[in-house]
Each structure stands twice: as structure tokens, then as C-alpha cells.
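Remarks on the structure that follows.
The values are calculated or read from the model by the stated rules, or taken from the named source; none is laboratory data. Everything numeric in this text was worked out from a predicted model, so none of it was measured. Every residue, glycine among them, receives a Cβ derived from its backbone with ideal geometry; neighbour counts consider all protein chains shown.
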Amino acid sequence: MLRVVTDNDLKTGENQTVIVDFGATWCGPCRRLAPVYELSAKINEKYDHLTVDVDANPRLASDFAVQSVPTLVMLSGGREIGRCGNPGNLEGITKFINNTLEKNRAEDGDAKNP
């Protein structure tokens, strides 16, 4: 699912993993990434794909310390677990998702088995 969010409605469930695309309408790489990100939303429908226009939602961009666009941020249970600057294509998005989830699982396993 792909959904546009604003400063007022970015909320994630406790057990929910979401991917947020921070971009801007004037940004060429953001415009090129948009249809690929939509495709990722269809392929990876297990995870909500959200999109935030940084110019229309400066508070969210600031809250997430977004300094360049496009930037993808993955959240799990409301906390950031990964970040990626311009993944470029579907393969880049897929690698970001898989690598972030794998790293997070490994860290969770380390925390449970000190």
C-alpha cells in the first residue's frame, strides 16, 4: 500500500514496519524514483510504503533529520531501524529493505542472547 502522509498523520503501530520516502516535487531523482517506489509497494505489500513531501511537511523532515532527497527511512514499532539515500531503482529499494530487516533481526538476536 502506498500512502501520502503529512506532519499530522504519520503514525505507526507497535508491531508495524513501514517504509517512508521523503522527497520533493522539484527533485528529479525523486520523480524518477516515484513509480519504482509504487512498484515496491505492490511487491512488498507486507510493509506500508508512505511518502512525505518535505516542502509541504517540514516538521516531519526535521523530526527525521532528512538532509537530502530522496531518502528512505524504515520504521518498526515507531522507531527508525534503517535509512537509505536515493536507492535509485527497484533493486536498490529491495536491498535496502532486506538488509535493514536482516540487520535488525541480528541486533534483536544479539540483545536477547548477550
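Scanning segment 75-101 for residues that are part of a strand (DSSP E or B) and aliphatic (A, V, I, L, M) gives Leu75, Ile81. Only one of the listed residues (Leu90, Leu60) is within 13 Å of the chain's Cα centre (by Cα) and within 28 Å of Asp108 (Cβ to Cβ). That residue is Leu60. Screening Asp63, Asp55 for residues that are among the charged types (D, E, K, R) and closer than 14 Å to Cys27 by Cα leaves exactly one candidate, Asp55. Asp7 falls short on exactly one of the conditions (1) at pLDDT 95 or above; (2) in a loop (DSSP other than H, G, I, E, B); (3) of a type outside the set (Val, Ile, Thr), and that condition is (1). Within the set Asp55, Asp9, Asp63, the sole residue that is in contact with a helix residue (DSSP H, G or I) (Cβ under 9 Å, 6 or more places away or on another chain) and free of Cβ contacts under 8 Å to residues at least 40 places away in the same chain turns out to be Asp55. Does Leu33 satisfy being outside any loop (DSSP other than H, G, I, E, B), among the aliphatic types (A, V, I, L, M) and surrounded by 13 or more Cβ atoms within 10 Å (Cβ to Cβ)? Judged against the criteria, Leu33 is a match.
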